[in-house]
Each structure stands twice: as C-alpha cells, then as structure tokens.
Amino acid sequence: MTIASGYLPILLMILLGMLLAGTFTLVGLYLGPRLRNKVKDAPFESGFIRDGTEGSRYDVKFYMTALVFLVFDVEIVFLYPWTVQVRELGWFGFTAAMIFIGVLVLGLAYDWKKGALEWE
Amino acid sequence: MELKVKQVKRVDGVKEAFYIPATFGGLRLTVKHFFRNLLGSKDVVTINYPEEKRPISMRWRGRHRLTRKNDGFLKCVACYMCETVCPSKCIHIEAGEHPDLSIEKYPFRFDIDELRCVFCGLCVEACPKEAIRMDTGVVAMAYSSRKTFDFTRDLLRDEYDPKQHESPKYADEDLPRPDSSETALPNSQGIPAA
Amino acid sequence: MEIIIEILSIPLVQSILKIVFIILLFAMPLGTVLTLMERKWSAMIQDRVGPNRANIGNYTGHGLLHLAADGLKSIFKEDTIPKGANGFLYLIAPFFGMIAGVATFAIIPIAGPIGDFTFQVTDIEPGLLFIFAITSLSVYGAVLAGTSSNSKFALLGGTRASAQMISYEVFMGLALMGIFMVYGSTRVSEIVDGQNEYWFGNLIPMWGVFTQPLGFILFFTALIAETKRAPFDAPEGESEIVAGYFLEYSGMRWSAFMLSEYIAVAAVAVLTTTLFFGGYHVPWLHLWESAPQWLVTLLQVMKFSIVTIFFCWMQIQLRWTLPKFRFDQTMALGWKKLLPLSLANTALTAVVILAFM
Ligand code: SF4
Ligand code: SF4
C-alpha cells in the first residue's frame, strides 16, 4: 500500500465532513429568514444589557493546564514506540520506559504539590 | 437560639473514590426503569395531556360559573361582594334594575378577567347567594388571544358548555368582541374597581 | 459488465464506495436517529412518555416524525450572527467537530475482509494515532466557536472545553497503551484480529475488555469526557453557562453542532467496540468452519452494529445515572485519578506481558 492510497481516503473523509458542514451552513443561510434587529444581534447575556467586553484575561489555571498537557502529551508520544515493541525490547526496554515514566511521575508529583492541578 | 444541625453521614472510602461500584449501583436503577418502560410503559407517570386528563377533586377551583334560579334567571343580585373581596380586582360588575320588582338588582354586566384571576376562591366564599361557583372543572384555559380570557356574564352562565363546540378551546368568534379596549379589560389597567 | 468490474477494482473508486457506505449508510443515520433516541430513551429512563406529537395525519410513528419535524424546523430558522462576532472563525467553527466525527470512521472495519476487499476505508499504519490526531481537531471547533462569538458565556464554555478536551486527550492516549502492548500494534486491523484469539482453548475470546479491563474503563471515561457529554458536560453546562461554546449559534449551524455531537457519540461507541469488544469478530464463529462467506460477513456486520448501538445506549444511560461533575471535579478526576491509574495500568501490562511471555 502506497502512502497515497492509504491516506487519500482520509482526505476524502475530511472533505466529506467539510461538505456536510458546508451544506448545513449554506442551507441555513439561504432558506432561513433574515430579520435582523438590534436586540437580536446583541450577544446573549441572560437578558441584561451587556457591559464591557469579555476581554482577553484568562484564569492562570488554564495556562497551567495547557503547560501540563504539553509536557504529558509529548512524553506520551515518546512512549508509543516502546508500547508497540514491548515484547522485542524486553526487560531492558521496560526498565528504560519505567525510568522515563518515573521522571514523568516526579513531574506530576511536583505539579500536584505546587497546586498546578488544583481548580478550586 | 440553638440551631439544630443535622449531620449527614458521608460515605467515603476506597469504594466511593473509584466511582465504579456506585456507577453500577446507579445503572441498576436506571436500566431497570428503562426496560420496564421499554416493555410496556409500566412506570410512566406522565400522561398524554389533551387526550388524557387527570381526575380532579370535587373541590378543584376551575373557571367560574354563575348559577341560576329555578326560573332560569341568574341568582346574582349584584351586591358587589365578590368584586370587593377579589384580591386581584378582576371582577367587574354593573348593576341593572330588573323589571320584576321583587328582584331588586341584577348584573347588567358581569365580567371576569381570567388572566388576572389567581383562583383563590374568595369570590365564591363571599357570595351571599351562592351565585358564583368555580366548579366547572375547566382546569386549563389556553386561548390564542388576550380578549378571549375576558369572560362576560353570558359566557359565565352555568349552561355554557364548552364541549358543545367542536374543539374544547373556545374559538375567538364564540365570544362577543368588546368595542374598545377600555370596555374589554375593565379593571386590568391597574385601576382599582370603584 | 466487465467495465463495471474494472471500474470497481480501482482503489479510489472502492474507497469512495466504502466512504459512502460507512458514512452515509452507517454513521449519519446512526447519528441522526440518536438525536431522537436520546430523547426517547431519556424519557423511558425518567418514566416519561417522550416525544410523540409530530404527525402526518394520524401517523406519528412513535415519535419518528420528530426527526423530520426537527430537521425542517432548523432549516427554516433564522441564522443569526451576533454583533461583534468574528465572521470567518464563527463560520468555520462547526466544520471541525463534523470533520473529527466523520473522519474517525475512516479506520474502522465493520466486517472482516473478503479476499482482498476490506470493509474498512483505509488501514493506515499509525491507526489509532490518527484517531488521536483527528479527535484533537474537535478542540478547535469548541475553542473557535467560543472565542469568535463575542459572548461571555460562549467564551467561558470555550475555555472550559479546551482545558477539558486537551486534558482528556492525554488520558485517552495513555489508556490505550495497554491495548497497543497486548496486540503489539497500533494498526486497527491487527488489533481487531488480535482479539480473535482465545484463552484456554476456545473458552474466552481475547477481547480488549478482558485483557485490559482497567484500560477499558479509563478509555471509555476519557472518550465521554472528550465528547463533552454528561456527566462531564461542564463546558456546555446548561444550568450555568446556558449552552457553552455554541450558545450564539442558531438554525442549521446549531444543528451542525448537534449532529456532530451525536456522530461523536456514535464514534465513541464504534471505537469502544473495535478496540475492546472484538470489533467485527463474532466470538466462537471460527468453530463453525463450513459457514458460507456471506453469512459470516452478515453476522459480523450485525454483531458490530449491535455492540455499537449498545454503547450508544450506554452513554445515554450513563448520562441519566451519574450526577454532573463540577468543572474542578472533572479536572481533578482526570489529573489526579485517571493519569496515575493509566500510568500504573501501562506499567502493570508491561510487567505481565514480559513475565508471561
Ligand atoms: S377566584 Fe379570587 S381572584 Fe379570581 S375572581 Fe374570585 S376572588 Fe377574584
Ligand atoms: S356573584 Fe354573589 S357576591 Fe358577586 S355580586 Fe353576585 S351575588 Fe354578590
């Protein structure tokens, strides 16, 4: 199986997904009524007049989560080759992976202790 | 004053921390309900409302009606008791002189704005003549226009039977159309009855 | 006749046919029917009657016509765009969820191969890694919808969705490591074939759920959180932030979000079936050696569909069984319970495999 024949269908699938979503959008745009007024255009705010914008300030916890995610997601990528080859690599590979995971767990413990995982 | 505090015992421990046993305990209940209802709606507690109706108590306060004497005339003597006692000021009565001198007064107009009514039943209790009652058994009134909720004397007469019309809801043309908005909603503009 | 066979043997034509079959005849109808079934099944769980009013004449089809009614209703609804919204991002946000949902089905085999012909759109080598890549695409849908709507609630929902989805992606990947180890591959067809082996002679099939029970629970939990469905629906939180990130959407674009949610539900069920419940393999069918090929394929499609529908049902059942997690509880469950557990599961699986090799 060449690369193209393996991945071309996936491209087709993605195109199909876009086609579906595109059809939905277009159908709604052209068949729905267009009666706009000031109140309808205003963003939903539980019926209150909106004061100010939402700005761009996020809680720092979201940044923390993103950082921890980055660390773990990248580490996981390194682990995949070992998981597939676990039989061939044997106990040596296991020890290496455990050291790797151990470092990860240390990091996790540090995050935990520092409160990076707290959301209260 | 000493506040009474009820201590709720929280189930904590390994079993709870894993969620799994509790999840299966919950699933047992929901799956049981699912299958009982799948195979014959055994536990269903809701009803298909307009087709099925719940039995209501004899004392249910529904839409009002005006009762009649044996000779067919309204019992009401236009004494304004109900209008006075009504907490939401939704009854509007105008007294008229009856040609029969033995009857002192009769309601020339008797309007109830059912949108304002809170169905407290005070008008029924206040009436000295048992002329107004709320035992029609009309549980829900759903009409398409505001004016339809304005019940006049003739609509409140006790032989008015909504079931005689083909739909249980009153059509707009069943009801007399008042000429102006003032006469339509006599007391609904927040003006207290005189 | 020959030219038709010739055309049919072109791989591209074959894969287009498979895509049409799997998406338009399997995934889309399943997703669409699920929108109704969710309401119908929810009603049964909660002792209600459920939707049964939409009718043509006297025919209601036990609520089946609600599908048509809902579709028509949202087609003819106004498509509003709030003032101050970022038009382009607002426009493309519904695309991501749909793409992620649809593309998941690309690597799912729904029946065993007949000769050279596979009932799988494509069997790429990375297999499940592709699933991780494509599901992380749906994060963009939520985040873009949230940030482009110029609405506070939508922004809150979008940020919550992003934090939750990226977190649970990690656990999803970690939970599957056991499966990769047991079957020694990330390729879906090899994992599915690996589940056709048996323990103790022909007694217990080596399904993922038996080889990786903890992995199954972790993976299923992570997937439900990834699709942002109850009990992990804090990003959509009807009671606090109304609908979360797709709050400002209306009409058909809202339907696009809803449909992609239900396709995602179907995708979760399909993935669980494929990875943990033997995929299309009917257990113990290999004992019946003289079975005709067409019957085997039919049974396989049936088994696959039944298990898939069971897991769709299970997700709705779980929605009405478990109380909703608060957002901090969702994150704590992920980082403090699922992560250590899935790391432990990985290590344990490796030890067991190496010890009993
Ligand atoms: S039921 Fe109460 S509110 Fe209604 S008309 Fe009678 S007194 Fe007034
Ligand atoms: S209904 Fe009864 S209380 Fe009301 S005016 Fe007539 S007689 Fe008096």
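The values are calculated or read from the model by the stated rules, or taken from the named source; none is laboratory data. Note that the structure is predicted; figures quoted are calculated from it, not measured. In this analysis, Cβ positions are derived from the backbone assuming ideal geometry, glycine residues included, and neighbour counts consider all displayed protein chains. In case anyone asks, the SASA skips ligands and DNA or RNA and just uses the protein heavy atoms, side chains included. Shrake-Rupley method; radii C 1.70, N 1.55, O 1.52, S 1.80 Å.
Checked against (1) open to solvent by 60 Å² or more (accessible area, probe 1.4 Å); (2) away from chain A (no Cβ under 14 Å), C:Lys77 passes all but a single condition, namely (2).
If only residues of region B:53-79 that are assigned by TED's automatic domain parsing to the domain that holds B:Leu155, of a type outside the set (Lys, Arg) and open to solvent by 40 Å² or more (accessible area, probe 1.4 Å) are counted, the one that is farthest from B:Ala126 (Cα to Cα) is B:Asp71.
Among the residues of region B:18-69, those that are touching a Leu at 6+ places or on another chain (Cβ under 7 Å) and without any contact (Cβ under 8 Å) to a residue 12 or more places away in the chain comprise B:Thr23, B:Gly26. Kindly evaluate A:Thr2 against the criterion of being closer than 30 Å to C:Pro11 by Cα, open to solvent by 50 Å² or more (accessible area, probe 1.4 Å) and at pLDDT below 80. For A:Thr2, the condition - closer than 30 Å to C:Pro11 by Cα, open to solvent by 50 Å² or more (accessible area, probe 1.4 Å) and at pLDDT below 80 - is met. Filter region C:243-300 down to residues that are of a type in the set (D, E, K, R) and closer than 30 Å to A:Gly22 by Cα and give me whichever is farthest from the other protein chains (Cβ to nearest Cβ). Checked region C:243-300; the qualifying residue farthest from the other protein chains (Cβ to nearest Cβ) is C:Glu261.
Restricting the search to region B:29-40, which residues are loosely packed, with under 15 Cβ neighbours inside 10 Å and either more than 20 Å from C:Leu322 (Cβ to Cβ) or within 9 Å of chain C (Cβ to nearest Cβ) (or both)? The answer is B:Leu29, B:Phe35, B:Leu38, B:Leu39, B:Gly40. The set of residues in region C:328-357 that are closer than 13 Å to A:Thr83 by Cα, more than 7 Å from chain A (Cβ to nearest Cβ) and open to solvent by less than 50 Å² (accessible area, probe 1.4 Å) comprises C:Asn345, C:Thr346, C:Thr349. Restricting attention to region B:31-65 and to residues that are touching a Lys or Arg at 6+ places or on another chain (Cβ under 6 Å) and not in a loop (DSSP other than H, G, I, E, B), the residue that is farthest from C:Ala43 (Cα to Cα) turns out to be B:Arg65. Listed by position, the helices (runs of 4 or more DSSP H) contained in region C:151-257 that have at least 3 residues being in contact with a Pro (Cβ under 6 Å, 6 or more places away or on another chain) and within 26 Å of C:Gly31 (Cβ to Cβ) are C:152-175.
Note on region A:30-120: enclosed helices (runs of 4 or more DSSP H) holding 2 or more residues that are within 30 Å of the chain's Cα centre (by Cα) and facing another protein chain (nearest Cβ under 7 Å) are A:60-84, A:86-114. Residue check: is C:Ala111 touching a residue at least 60 places away in the same chain (Cβ under 8 Å), within 18 Å of A:Phe62 (Cα to Cα) and not charged (D, E, K, R)? No: the conditions fail for C:Ala111. Listed conditions (1) more than 16 Å from ligand 2 (Cβ to nearest atom); (2) closer than 30 Å to C:Val49 by Cβ are all met by B:Asp150, apart from (2). Would you check which residues across region B:124-133 are open to solvent by 10 Å² or more (accessible area, probe 1.4 Å) and either more than 10 Å from ligand 1 (Cβ to nearest atom) or touching a strand residue (DSSP E or B) at 6+ places or on another chain (Cβ under 9 Å) (or both) and list them? Scanning region B:124-133 gives B:Val124, B:Ala126, B:Cys127, B:Pro128, B:Lys129, B:Glu130, B:Arg133. If you check C:Ala163 against the conditions, is it more than 9 Å from every other protein chain (Cβ to nearest Cβ) and either surrounded by 22 or more Cβ atoms within 10 Å (Cβ to Cβ) or modelled with pLDDT of 85 or more (or both)? So C:Ala163 fails the test.
Among residues of region B:66-122 being in a loop (DSSP other than H, G, I, E, B) and β-branched (Val, Ile, Thr), the one that is nearest to ligand 2 (Cβ to nearest atom) is B:Val77.
For region C:88-129, a residue qualifies if it is surrounded by fewer than 21 Cβ atoms within 10 Å (Cβ to Cβ), assigned to a helix (DSSP H, G or I) and within 20 Å of the chain's Cα centre (by Cα), and exactly one does: C:Leu129.
Return a yes/no flag: does region C:71-87 have any residue that is basic (Lys, Arg) and in a helix (DSSP H, G or I). Checked against the condition, which is being basic (Lys, Arg) and in a helix (DSSP H, G or I), region C:71-87 yields at least one hit.
One line per residue, one yes/no per condition, for (1) modelled with pLDDT under 90; (2) within 11 Å of ligand 1 (Cβ to nearest atom); (3) open to solvent by 40 Å² or more (accessible area, probe 1.4 Å):
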| site | (1), (2), (3) |
| --- | --- |
| B:Met81 | no, yes, yes |
| B:Pro87 | no, yes, yes |
| B:Asp100 | yes, no, yes |
| B:Phe108 | yes, no, yes |
| B:Asp113 | yes, yes, no |
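Would region C:299-308 turn up any residue that is of a type in the set (Lys, Arg), part of a helix (DSSP H, G or I) and closer than 30 Å to A:Ala42 by Cβ? No.
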